[in-house]
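Only one structure is covered here, and it is reproduced in the block below.
The values are calculated or read from the model by the stated rules, or taken from the named source; none is laboratory data. Keep in mind that what you see is a predicted model, and the values were worked out from it rather than measured. Don't worry about glycine lacking a Cβ; one is built from the backbone with ideal geometry, like all the others, and counts go over all protein chains shown.
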């Protein structure tokens, strides 16, 4: 009953803040709970043990700061927390346009922005970065993927007419880079930070062995 009431409240907020033509299904976390607009979550691979862990920043190439967005090579690493926001004034994240950012900045780091952006490489392709001054014009979107609580990201041109999947590619150093216009998208689930998550019955929760 409580879950049904909460879901009704979220839907009411959507109808209040959206015009009906732009309503969309709420994004849900790995346990089926509605993802809060502006909430902080780990971005984890759909299949545990599939060769990598969660999404985080890292130094790649000749970068002097962690400007690349990558998948951790360690399956037990949840990556870092990411704040996900919708452009709409709703309590939840609907499928569609989002911004993804981080809040923790190490002393001495100076970035143009802490949000995900798309940066075109010379021959390697287009990658997801943070802090680069020259980024492609466009935005990220989130969409349901192969299962009820799994999702994928896309990057779209500013007019929204051209979108490409965000997937994983490896560079020569073995880094698992988030790249755009990939045939196979990176499918993921969202896990709320344990400190922020509401206690729920273990009968409705999946178990991950990540150390957080």
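Numerical summary
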read-out	value
Filter result (touching a strand residue (DSSP E or B) at 6+ places or on another chain (Cβ under 8 Å), part of a loop (DSSP other than H, G, I, E, B) and over 24 Å from residue 27 (Cβ atoms)) within the stretch 64-73	66, 67, 73
Condition met for residue 99 (without any contact (Cβ under 8 Å) to a residue 60 or more places away in the chain, out of contact with any helix residue (DSSP H, G or I) (no Cβ under 8 Å at 6 or more places or on another chain) and surrounded by 19 or more Cβ atoms within 10 Å (Cβ to Cβ))	no
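For (1) at positive phi; (2) assigned to a helix (DSSP H, G or I); (3) under 14 Å from the mean Cα position of the chain (by Cα); (4) at pLDDT below 95, each residue gets a yes or a no:
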residue: 7; (1), (2), (3), (4): no, yes, no, yes
residue: 15; (1), (2), (3), (4): no, yes, no, yes
residue: 24; (1), (2), (3), (4): no, no, no, yes
residue: 32; (1), (2), (3), (4): yes, no, no, no
residue: 44; (1), (2), (3), (4): no, no, yes, no
residue: 50; (1), (2), (3), (4): no, no, no, yes
residue: 62; (1), (2), (3), (4): no, no, no, yes
residue: 75; (1), (2), (3), (4): no, no, no, yes
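Rundown of residues vs (1) closer than 25 Å to residue 88 by Cα; (2) part of a loop (DSSP other than H, G, I, E, B); (3) modelled with pLDDT under 90, yes/no style:
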residue: 123; (1), (2), (3): no, yes, yes
residue: 128; (1), (2), (3): yes, no, no
residue: 134; (1), (2), (3): no, yes, yes
residue: 142; (1), (2), (3): yes, no, no
residue: 149; (1), (2), (3): yes, yes, no
residue: 155; (1), (2), (3): yes, no, no
residue: 160; (1), (2), (3): yes, yes, yes
residue: 178; (1), (2), (3): no, no, no
residue: 184; (1), (2), (3): no, yes, no
